[in-house]
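Asker: Sending over a structure as structure tokens; questions will come in a sec.
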Amino acid sequence: AFWINLFNVMVIHGVIALGVRDSVKEVTRFFRRIRYRIGDHFFSADDVEHGILRGNKRLPGSLLRPFGAGDPRREYAIEDVDPRLHFALVCASSSCPPIEIYEAERLDEDLAISGRTFLNAGGVRIDRSGRTVYLPKIFHWYGNDFGGSREERLRFVAPYLYREEDRQFLEQEAGSLKVRFLPYDWRLNRT
């Protein structure tokens, strides 16, 4: 909960401090530039997301992990990564989840609520006739966090859907459905 909340604060603070007007894409390496000192170490937003919350996994498109073998920050990396963190991290864009405050005592429940909110607010679209499921772009960028195959990812999504017929459709047909990814809107979320 601490690291999720910290990431979200860092991003919002970064938008304000760096004078972002329309999109974090205006600032080169935005998620690397915003950094906070925690104890004896500095952490960028990328360090928090990929180094700690994702268990020191590579950023999409990167060859290297955030924390190298001798980096003392590795001790903070979470071993049992919960992919629902992607439903909680706010990157200040219109396509990211709504911002919330997470509490350690309620983290499991809070992440479940965030998953349902994010995925049901236009995050998942099902075209039964075309046998295609449209998922948020995070399922493309961080696909392996949600499962090693298309089928596992769809089965991961199914329990979060409000409509019973949608849940059953995904659970029963996951192995034979096509998956496409919705465009990501990097414009600032102003709501």
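Asker: Trypsin sites (Lys or Arg not before Pro), restricted to segment 20-108: which are DSSP loop and have at most 11 other Cβ atoms within 10 Å?
Answerer: Details: sites: Arg21, Lys25, Arg29, Arg32, Arg33, Arg35, Arg37, Arg54, Lys57, Arg58, Arg73, Arg74, Arg84, Arg106; in loops: Arg21, Arg29, Arg54, Lys57, Arg58.
Counting only loop positions with at most 11 other Cβ atoms within 10 Å, the trypsin sites (Lys or Arg not before Pro) in segment 20-108 are Arg21, Arg29.
Asker: Hey, rough spin-label estimate for Glu103 and Leu18, points 7 angstrom out along Cα→Cβ, what's it come to in nanometres?
Answerer: The answer from the label model is 3.3 nm.
Asker: Another question, then. Pairs of Cα atoms under 8 Å, at least six residues apart: use those to get the relative contact order of segment 60-191, whole percent. Spell out each step's value before the answer.
Answerer: Values: 140 pairs, mean separation 35.6, N = 132.
Result for segment 60-191 is 27 percent.
Asker: Ignoring ligands, DNA and RNA, what percent of the accessible area of segment 81-171 is carbon or sulfur (1.4 Å)? Could you put the intermediate results ahead of the total?
Answerer: Values: 2060 of 4360 Å².
Within segment 81-171, the accessible surface is 47 percent carbon and sulfur.
Asker: Kindly provide the Kirkwood hydrodynamic radius of segment 89-191 in Å, to one decimal, from all pairs of distinct alpha carbon atoms.
Answerer: Working: mean 1/r = 0.0696 Å⁻¹.
Result for segment 89-191 stands at 14.4 Å.
Asker: With Cβ to Cβ distances under 11 Å as the rule, what net charge do the other residues near Ala112 carry (K, R +1; D, E -1)? Spell out each step's value before the answer.
Answerer: Numbers: positive: Arg84, Arg106, Arg116; negative: Asp82, Asp108, Glu109, Asp110.
Cβ neighbours under 11 Å give a net charge of -1.
Asker: Let me ask another. Give me a comma-separated list of calculated 3J(HN,Hα) values for segment 11-20, in order, Karplus coefficients 6.51, -1.76, 1.60 applied at θ = phi - 60°, integers in Hz, x for any Gly or Pro.
Answerer: 5, 4, 4, x, 4, 6, 5, 8, x, 5
Asker: With every protein chain kept in place and ligands, DNA and RNA left out, what is the accessible area per residue of segment 1-92? Probe 1.4 Å, answer in Å².
Answerer: Accessible area per residue, segment 1-92: 53 Å².
Asker: Right, another one. Kindly provide the GluC sites (Glu not before Pro) of segment 24-103 that DSSP labels as loop, not H, G, I, E or B, and whose Cβ sees at most 15 other Cβ atoms within 10 Å.
Answerer: Glu79, Glu103
Asker: Please express the shape of the chain as an equivalent ellipsoid: the semi-axes are the square roots of 5 times the eigenvalues of the C-alpha gyration tensor, given largest first in whole angstrom. Provide the component values of the computation, followed by the final result.
Answerer: On the way: eigenvalues 172, 70, 50 Å².
Each semi-axis is √(5λ); the values are 29, 19, 16 Å.
The values are calculated or read from the model by the stated rules, or taken from the named source; none is laboratory data. Everything numeric here is computed off the predicted structure, so don't read it as measured data. When we count neighbours, we look across all protein chains shown, and the Cβ atoms used for this are built from the backbone with ideal geometry, even at glycine. For the accessible areas, the whole protein counts, side chains as well, though only heavy atoms, and no ligand, DNA or RNA atoms are used. Shrake-Rupley method; radii C 1.70, N 1.55, O 1.52, S 1.80 Å.
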